[in-house]
Amino acid sequence: MKKSIINYLAAVAGILLAGSGLFLLKFILEPQGIMRALPYLCIGLGCGIFGHGMGNIISEKVMKKHPDQQKQIEIEKNDERNIAVANRAKARAYDIMLFVFGALMLAFAVMGVDTAAVLLLVFAYLFVVGCYIYCHVKYNKEM
Amino acid sequence: MKNRLEEIRKRHDIRQEDLAAALEVSRQTIGSLENGRYNPSIILAFKIARYFGMSIEEIFTYEEENL
């Protein structure tokens, strides 16, 4: 029940956000600074939130009519092999991502791209590695 | 790790789908277990053993590769 209320709220909030984005786009003449990007950001976020909320509402309604299918979906979601497969795929993708990010940083540095962009990429890379180390230590203590 | 799941399941005349539903796992998991492509968690191994009224060792056998 609580979950469906959140979905309805998300759908309404999405419409409001997208609507306000459209309003800003239509009625603000000669926007300056952040106001140039804000309407598009509002529309994008609004549509995303609305789609997410509405999708959940529809799937919830459909699932109520077919409890057997809901049970099967629940089983597929919690199936230990499916979880193991997903985790293994994520781990492999993470390994690949580190190489790709590393190569991209090197390429950006060699190409002489703006220092701010290279530094942002480096910090993003280090943040991801930091998350890995944090989770590693945390799970090491837990298990 | 080897197992006799397929043999035991057939002896009990149970379909993969029914066993999967009883154990609350996907049918693919049962198929992968029977083919030896996937080793179950200890919890699932206990569930399987309990379902057939057997011990884990009667269903799953571990053989070291270098022996």
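Any read-out appearing in this document is the output of simple, stated calculations on the displayed coordinates, not a laboratory observation. Just so it is clear, the model here is predicted, and its values are computed rather than measured. In this analysis, Cβ positions are derived from the backbone assuming ideal geometry, glycine residues included, and neighbour counts consider all displayed protein chains.
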Take A:Lys64 and A:Ala124, extend 7 Å from each Cα along the Cα→Cβ direction, and tell me the distance between the two endpoints in nm.
4.1 nm
Equivalent-ellipsoid semi-axes (√(5λ), Cα gyration tensor) for the stretch B:1-51, whole Å, largest first?
14, 12, 11
For the stretch A:102-143 and the stretch A:1-44, what is the separation of their C-alpha centers, rounded to whole Å?
32 Å
Would you please report the Å³ per residue occupied by the convex hull of the alpha carbon atoms in the protein assembly as shown?
222 Å³
Each residue of B:40-51 has, on average, a number of other protein chain C-beta atoms within 10 Å of its C-beta equal to 1
Check: in the protein assembly as shown the Lys pairs 8 or more apart or on separate chains whose Cα atoms fall under 15 Å apart number 4
Amide H contacts of B:Asn3 (H built 1.01 Å from N, under 5 Å, at least 5 apart or other chain)
B:Thr61
Just subtract the alpha-carbon distance of A:Ala89 and A:Leu22 from 0.36 nm times their residue separation and send over the number in nm, one decimal.
20.2 nm
Between A:Met35 and A:Leu9, what is the spin-label point distance in nm, taking each point 7 Å from the Cα along the Cα→C-beta axis?
3.1 nm
What 222 nm value per residue comes from the helices of chain A, counting each DSSP H run with n ≥ 4 as -39,500 (n - 2.57) and dividing by all residues, nearest 500 deg cm²/dmol?
-31500 deg cm²/dmol
Could you work out, residue by residue across A:68-81, how many beta carbons of other chains sit within 10 Å of that residue's beta carbon, and then give the average as an integer?
4
Label model pair A:Lys77, B:Glu7: point-to-point distance (7 angstrom along the Cα→beta-carbon line) in nm is 3.9 nm
FRET E, pair A:Leu104, A:Tyr132, Förster distance 25 Å, beta-carbon r, rounded to 0.05
0.90
